[in-house]
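A quick write-up on the structure given underneath.
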Amino acid sequence: MKITEKPIEWRGSTLRDIKDEKIFSLEARKEAGHQLSLIQIGLDPDDWKPFEEIGAGSKEIRISLDHGWYRVIYLAKFQEAIYVLHCFKKKSRVTSRQDKGIAISRYKEVIAERMNK
């Protein structure tokens with residue numbers, strides 16, 4: 001039985017951000033890629049939590065390394081794709097209002113685009 005991978009839709013600057021060594025270390029980038037590949041085949045990431053504050057069905061991959069905490073906020077509840085809404089390095093225990101705002105804005109864009117199809 002062949003497993004089909006759900007495609008990833010990178011929203012806004014997410015792909016550029018995850019590739020930026022000033023934001024995501026090489027180790028964090030590799031781990032984020034591994035976790036996203038799990039989601040693509042229908043599995044849960046190793047460390048995640050729902051992030052309903054962003055929008056219904058949104059989740060957060062949590063990557064904790066010796067040199068920092070990294071987050072990837074995504075939406076995988078739709079058949080057509082996994083939408084990566086925001087990825088960033090966390091600076092404190094609480095996700096900043098700015099990071100939440102970016103993710104919420106991109107979530108609303110995905111929902112609006114889907115309604116207009």
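Read-outs: derived from the displayed coordinates by stated rules, not from any lab. Keep in mind it's a predicted model, so treat the numbers as computed, not measured. Cβ placement follows ideal geometry from the backbone for every residue including glycine, while neighbour counts extend to all protein chains displayed.
Taking the Cα centre of the chain as the origin, how large is its charge dipole in debye, to the nearest 20, when only Lys and Arg (+1) and Asp and Glu (-1) carry charge on their Cβ atoms? Intermediate results must be reported in sequence, preceding the final value.
Values: 23 positive and 18 negative charges, 62 e Å.
I would put it at about 300 debye.
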key: Candidates SER105, SER92, SER25, ranked by Gaussian network fluctuation over the chain, Cα under 10 Å, top entry   = SER92
message = Which one, TYR107, GLN35, PHE24, is farthest towards the positive end of the dipole of the chain when Lys and Arg carry +1 and Asp and Glu -1 on their Cβ?
response = TYR107
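Using the eigenvalues of the Cα gyration tensor, what equivalent ellipsoid semi-axes result for segment 8-115 when each is taken as the square root of five times the eigenvalue, whole Å, largest first?
Working: eigenvalues 82, 49, 33 Å².
Square roots of five times the eigenvalues give 20, 16, 13 Å.
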key: Net charge of Cβ neighbours under 12 Å - reference GLN35; Lys, Arg +1; Asp, Glu -1   = 0
request  = Report the local net charge at LEU65: Lys and Arg +1, Asp and Glu -1, summed over other residues whose C-beta lies under 15 Å from its C-beta.
outcome  = +1
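Relative to 2.2 N^0.38 Å, what does the C-alpha radius of gyration of segment 69-117 come to as a ratio? Two decimals please.
For segment 69-117, the normalised Cα radius of gyration comes out at 1.26.
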task = For the chain, set up a Gaussian network in which alpha carbons nearer than 10 Å are linked by springs, and say which option among VAL72, VAL94, VAL84 fluctuates the most.
result = VAL94
query = Where does the longest stretch of the chain lie that holds no GluC sites (Glu not before Pro) found in a DSSP loop with 14 or fewer other Cβ atoms within 10 Å?
reply = 81-117
query = Just going by the charge dipole of the chain, with Lys and Arg at +1 and Asp and Glu at -1 on Cβ, which of HIS86, ALA76, PRO45 is farthest out on the positive end?
reply = HIS86
